[in-house]
Every structure is written in C-alpha cells, then in structure tokens.
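The values are calculated or read from the model by the stated rules, or taken from the named source; none is laboratory data. For clarity, every value in this text was computed on a predicted model and none was experimentally measured. Cβ placement follows ideal geometry from the backbone for every residue including glycine, while neighbour counts extend to all protein chains displayed.
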Amino acid sequence: MKVNQWTIGLAAAGVISFGAVAQADEKPTQNVLTLVSSTVLSGYVNTSATWSPGKAAAAPGYSYSGGKNDGFNLNVVDLMVSKAVDETQWAAGYTAEFWIGQDAVGLGNGTGGIANDIAIKNANVSLNAPIGNGLNIKMGIFDSPLGYEAANAGENPNYTRSYGYTIEPTSLTGVLASYKVCDGFRVQAGVANTYDAAINARPAGSAAVKSYVAAITLTAPDSMGFLKGAALNAGIIDGRTSATVGGPDTTLVYVGATIPTPLETLKLGASWDHLQRDGLSDADSFALYASFSGIDKLKINTRVEYFDNGGGAVALGGAPAAGASNGNGKAEVLGLTLTLDYSLWANVITRLEYRFDHDLSQGHNLPGNGAAGSSGNNNAQLLALNVIYKF
C-alpha cells in the first residue's frame, strides 16, 4: 500500500483513522501507525541564574561553566527522538538526541561539522542479539559508559559538574556492546574512533589508531538488606584524541559507587577519576556525595571533591598551558557544593546551589587572577538557581 506523507501525518495525529486507510489494501507492507506510536519525543529546557561573589570574573574550569557569570542563562534545550529496545531476541531501536544552546559547545564534538550552539549528543542504533543471556550492540554516537555524573544536568544530584566529569570524555563515536553475565553483573566493551567527543574524527596523524573502552557494573541483590541496589561501576578508556598530531596516548581509569544506608532517606556515593597522558603528569579527581530526602518535596545534595591537575597536565580555569615551567599551572583544588532541590511544580526541577572552590596549592589558578605566583584570589564562590522543565 502506498500512502502519502500527508495522510500518514493525519493518521499519526489522530485526525483520521489509519485503519480506514489500511483497508484500501488487504496486504499492507508495513504498519506505519505502529512505528509512529512506538517512537517517543522527550527532552527538557535547562535554565539558570548565577552570581559569583568576590573577585572571580568567571567560574572555575569545570564543564559548562564558561560565560555564565552574574546573569541569567539558557543553558541548553534537549530534544530526543527514540524507540526503546524491547526484550525480544532480535529487537532494534534508535536514539537521536540534540542539544541547542551554550552547553552544546561543551560537549566538544564540533569538529564533526556541528558548530557553535548546536550539537548532536546521541545518534545511534541499538540491536539485541540472542547470544547467551542477551547481547545489546549500540553503534553510532553514544554517551561514555564511565562516570558518576551525566551530561544531562537533571540526572545529577548537583547543578554544576564535578572536576571528575570535566576530565572524562562526554561521548564516543563507535560501537559499544553490553552483556548481562548474570543478575547484578553486567560488562561493556567497545571501540571508538577517538578518545574525545569529536564526531567522525580520526586521531590526528594516524587514522588507523582506535580508542578502546571496557566497563563492569555490579549491583547488590535484594538479599543484602539495606545495601540492596548498591552499585559499583569501574572501567577504562584508552586512546588518542583528535586534537594534536602525534599527541600523547590518553588513559582514563574510573571507579564509582552508589551506596544506600540503613536510613532510607540517606544515600552516599563516591568516585575516582585518574587521567594519564604519556609524557605528562597524571591528574586525579576524588569526590564524595551525600543525598538526604527526609523532608517532603526537598532533597539536600552535597558533594566534596579534591582535584589535582598534575602540575598543569590539565588546564584549570585559564591556568597556564600544560607543560609550562616553574610550576605554572599547578592546581590542587578543594570543592564543596551544597544543593537544595525542591519539587514544587510537576515535571520541573528547581534547585538552589552554593559552590565553593579553594586553590590548595595557593597558585592563584582560579578565575579573576593573574599568572601563577602573582597576587590574587585562591577562592571562588558561586550561587546558582537552576530550573529545568522535562517533557
């Protein structure tokens, strides 16, 4: 049966009955209405208002912080069209997710042809194969399987991102396989073009070189009492970026856990990110999380983190370039974040956040300061109101 696009659109919107159209041919080649009904449109609008007391001219160099000091911000509009993969043996699905707004730049995938304030966050095909307990294969652009925090801010306990998230790849272009070994034990392995998020890019100077990712997730069973649901995620990503010809091999090692407590209203978490680049000092980020939900509609989320950028191996908020001499760029930062998340409106996340960053190395590497060693401020503060509508 041949049906024009206008008729399909009217049927999908419910203006006409697709069954009536189908009667025109006793052997329709495809049930278009079924395909339309299984596709889901979702997303969110993420806004914020920020104020940075003190001398800082900007927020420190964590992800999505740039250009948002002292004012109102449209962070990002997220639009996702998807079809979930069901439990059948040969099921298939897809995801196409787009970011529009300032945060799109922070995904770091613009070298694939998407520039400025528009980015493809996810675009992949997901396939189930009847191998053992079931194998899922995802091919295209997908979120990195490692990390305590997600790119979508509403999925995180805090509005601002940790330093650990900042040194992780946001997404990868390649193939990722996921296999359930048994209840509570899942493994993932994949191959990507590059370590970074650049879409369809190849490692500078060597297109044949690929990046590799492996991860495991352990989840505590119901028999473990109050610890049921506790999860441990660990893995490694190794490869080269698309930025520099002959650039160093880059390796990220990640370990993270979420831990319930005997108090149902209190949950804990911890993460460690270790970034190693050949020929450069290593960078490390440690973070502890706590979430309390014992008050009606209110959640109190805290994060304490320590970040060491390896003597300049990772730039921090305008710090001197990697490899600079005489300790320039050295930064050890202690970060404290307190977030009050109050659910008043349906489908809306409203939260007020206070963040304090302190340069333990006293190198004046936080924003609003001159070169390392000059007089300046070793503290940075941020007060932010974050409002997200999810649809």
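Quick notes
- Residues satisfying the stated conditions in segment 131-145, i.e. among the polar types (S, T, N, Q) and part of a strand (DSSP E or B): Asn136
- Options Leu252, Leu268; residue that is in the same structural domain as Gly294 (by TED's automatic domain parsing), surrounded by fewer than 15 Cβ atoms within 10 Å (Cβ to Cβ) and not β-branched (Val, Ile, Thr): Leu268
- The listed residue being farther than 24 Å from Asn152 by Cα, in the same structural domain as Glu149 (by TED's automatic domain parsing) and modelled with pLDDT of 90 or more, out of Thr173, Thr261: Thr261
- Identity of the residue in segment 89-108, in a strand (DSSP E or B) and of a type in the set (Val, Ile, Thr), that ends up surrounded by the fewest Cβ atoms within 10 Å (Cβ to Cβ): Ile100
- Counted residues, segment 205-230 - those being on the phi < 0 side of the Ramachandran plot and either in a loop (DSSP other than H, G, I, E, B) or not aliphatic (A, V, I, L, M) (or both): 16
- Residue pairs meeting the criteria (Cβ under 8 Å; at least 6 apart or on separate chains; first at pLDDT below 75, in segment 53-72; second β-branched (Val, Ile, Thr) and assigned to a loop (DSSP other than H, G, I, E, B)): Ala59/Thr160
- Filtered by the rule that a residue be among the polar types (S, T, N, Q), over 19 Å from the mean Cα position of the chain (by Cα) and surrounded by 14 or more Cβ atoms within 10 Å (Cβ to Cβ), segment 188-245 gives Thr219, Ser242.
- Checklist (1) of a type in the set (A, V, I, L, M, F, W, C); (2) touching a residue at least 40 places away in the same chain (Cβ under 8 Å); (3) part of a strand (DSSP E or B); (4) surrounded by 21 or more Cβ atoms within 10 Å (Cβ to Cβ) applied to Ala151, failing item: (3)
- Condition broken by Lys83, with the remaining ones in (1) under 20 Å from the mean Cα position of the chain (by Cα); (2) modelled with pLDDT of 90 or more; (3) not aromatic (Phe, Trp, Tyr) satisfied: (1)
- Total residues in segment 323-340 satisfying the condition of being assigned to a strand (DSSP E or B), at pLDDT below 95 and either surrounded by fewer than 17 Cβ atoms within 10 Å (Cβ to Cβ) or outside the structural domain of Leu385 (by TED's automatic domain parsing) (or both): the figure is 1.
- Residue check, Phe286 in contact with an Asp or Glu (Cβ under 8 Å, 6 or more places away or on another chain), among the aromatic types (Phe, Trp, Tyr), surrounded by 20 or more Cβ atoms within 10 Å (Cβ to Cβ) and outside any loop (DSSP other than H, G, I, E, B): no
- Answer residue from segment 289-314, given it is among the polar types (S, T, N, Q) and in a strand (DSSP E or B) and is surrounded by the most Cβ atoms within 10 Å (Cβ to Cβ) among those: Asn301
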